[in-house]
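Note sheet for the following structure.
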Amino acid sequence: MVVAGGGLAGISAALALADAGLRVTLLEARGRLGGATYSFQRDGLWLDNGQHVFLRCCTAYRAFIERIGASDLVTLQRRLDIPVIHPERGLSRLARSDLPAPLHLSRSLASYRHLGRLDKWRVVRSAAALARLDLGDRSLDEQTFGAWLRNHGVSRRALESFWDLIVLPTLNLPSDEASLWLSAMVFQVGLLTDGPAADLGYATVPLGKAHGTRAEAALAASGVDVRMHSAISGVERADAEGVQVRVGAEQIQAAALILAVPHEQAARLVPAEVHVNAESFTGLGHSPIVNLHVIYDRPVMAHAFAAGVGTPVQWVFDRSAAAGLTIGQCLAVSLSGAMAYAERPTEELRAMFVPELARLFPAATEARVTAFYVTREHRATFRPSPGTLQLRPRATTADPRIALAGAWTDTGWPATMEGAVRSGRQAARNILLALGRDRGLPTAA
């Protein structure tokens, strides 16, 4: 059994297959595991390529963290509490109470200083309408969330100070460009039906340790043969002998294959007779994420993380301990849907964002920036604009011995860590059923 791709989808699939008693070979093109979630070292500091978070409702990802023995390397809020800072209006918070959803946010919304009274009323009215949308109605994927919100009287200020605060980091597009269907899914699952669902979590150590090192150990303990620097270059069906996978000059014979690779790579590798519309995968496109790593000579932000409104700064995390910084503070600024920033030179981004951080955190005005690094993920996620639903394939193909996995497949979730893990488990389930193993099947969640 071969799994191609060592990201979260591939790791999840390989572990599920190994847990079912199969012999598994995992092929990874790079020299590390973790896929789109990884760390690198710069001037003695460990930095992540991006700030990845999860929510309490991300049940598959949380089970994955437990499965690889990394529960001690993440933190999860006991109760949702997001500091939201405006350069002029100051600090407000989006926090949940013990009231049942959707009333759990009512108290913090009432005191939310970044919206006026009329905007707050329209947020409540729009949220109620959003909760009533039927996710079985695929026509919701034909319009943008922003257009739907404006039809419900939502103002530009409310769009930027409330709705995009959630849509941008989860979908990697602003509301004006994001699919209504995916946006509705995010709010229904994460905010409107279950109070604790949106409690926020993240890794307290470099992702390379949480996802890479711990996953590698878990795979080894499960008997998975992990082969790094092994890029898959071809797939051929063998009627009686399963699937042939080509890695360089080597041909690997496998009973079945899970392709857990990016969508444009899958489009090239999937045999035409297995998926006649494989070339359509490329239509999913890409949406970039840019992360700024700003090192100060002293602490400037008193929060573990904060969101910004009325500023280009979207979300900021204190990564000092994870980076290994002992003096000063390391702030990671996450910019989602970053088409406007992905091509800008580092010095231009520094000139733009260092003053903006000082507007949000006055202590930064007197602090000295000792280092400023930029990471750009030009192909961070697929582009979740209208029309996405019909382009995302299911895990199954015309050949039950070949399955697809990745956050870009039809998981019902955005391109998140949760979606990646769900896809890997679903692909493994499909392969096990194809091989006649119907006991102890993994569930998507």
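None of the figures in this text is laboratory data; all of them are computed from the coordinates on show. Note that this is a predicted model, so its numbers are computed, not measured. Virtual Cβ from ideal backbone geometry, glycine too; neighbours counted across all protein chains shown.
A Gaussian network model of the chain, with springs between Cα atoms under 10 Å, assigns the largest mean-square fluctuation among ALA434, ALA405, ALA420 to ALA434. Comparing Cα centroids, segment 102-180 and segment 360-404 end up 21 angstrom apart.
The modelled label-to-label distance for the pair THR193/LEU433, using points 7 Å beyond Cα in the direction of Cβ, is 2.1 nm. Bridges between two residues of the chain, per DSSP, are antiparallel at a rate of about 80%.
Here is the list for segment 27-113: GluC sites (Glu not before Pro) lying in DSSP coil, each with at most 13 other C-beta atoms within 10 angstrom of its C-beta, are GLU88. Once the Cα-Cα distance is subtracted from the 0.36 nm per residue extended length, the ALA129 to ALA302 segment shows a gain of 58.6 nm. Extending 7 Å from the Cα toward the beta-carbon at both ARG89 and ALA221 defines two label points whose distance is 4.8 nm.
Each principal axis of segment 93-198 carries a Cα extent, and these read 35, 27, 22 Å when sorted largest first. Averaging the sequence gap over all C-alpha pairs within less than 8 Å and six or more residues apart, then dividing by the number of residues, gives segment 287-381 a relative contact order of 47 percent. Remark: segment 26-43, residue by residue, has Karplus-estimated 3J(HN,Hα) of 9, 9, 10, 5, 8, x, 8, 9, x, x, 6, 10, 8, 10, 8, 9, 9, 6 Hz, where x stands for each Gly or Pro and the curve is 6.51 cos²θ - 1.76 cosθ + 1.60 at θ = phi - 60°.
Entry note, the chain: the mean residue ellipticity at 222 nm calculated from DSSP H runs of n ≥ 4, each adding -39500 (n - 2.57), is -8000 deg cm²/dmol after division by the residues and rounding to the nearest 500.
Working from Cα pairs under 8 Å separated by at least six residues, relative contact order for the chain is 23 percent.
Overall, segment 93-198 carries a charge dipole of about 640 debye about its Cα centre when +1 sits on the Cβ of Lys and Arg and -1 on the Cβ of Asp and Glu, all other atoms neutral. Each Lys and Arg Cβ is given +1 and each Asp and Glu Cβ -1; about its Cα centre, the chain then shows a dipole of about 980 debye. When the Cα positions of ALA127, LEU17, SER183 are compared along the charge dipole of the chain, ALA127 comes out farthest toward the positive end, with charges on each C-beta of Lys, Arg, Asp and Glu.
By the count of other C-beta atoms within 10 Å, a proxy for reagent exposure, ILE11, ILE295, ILE166 are ordered fewest to most as ILE166, ILE295, ILE11.
Where the centre of each part is set by its Cα atoms, how far does segment 36-54 sit from segment 204-259, in angstrom? Cα centroid to Cα centroid, the span is 23 Å. For the options ARG214, ARG150, ARG62, a Gaussian network treatment of the chain with springs between C-alpha atoms closer than 10 Å singles out ARG150 as fluctuating the most. Relative to the longest principal axis of the C-alpha atoms of the chain, give the angle of the C-alpha long axis of helix 346-360, reported between 0 and 90° and rounded to the nearest 10°. Helix 346-360 sits roughly 50 degrees off the main axis of the chain.
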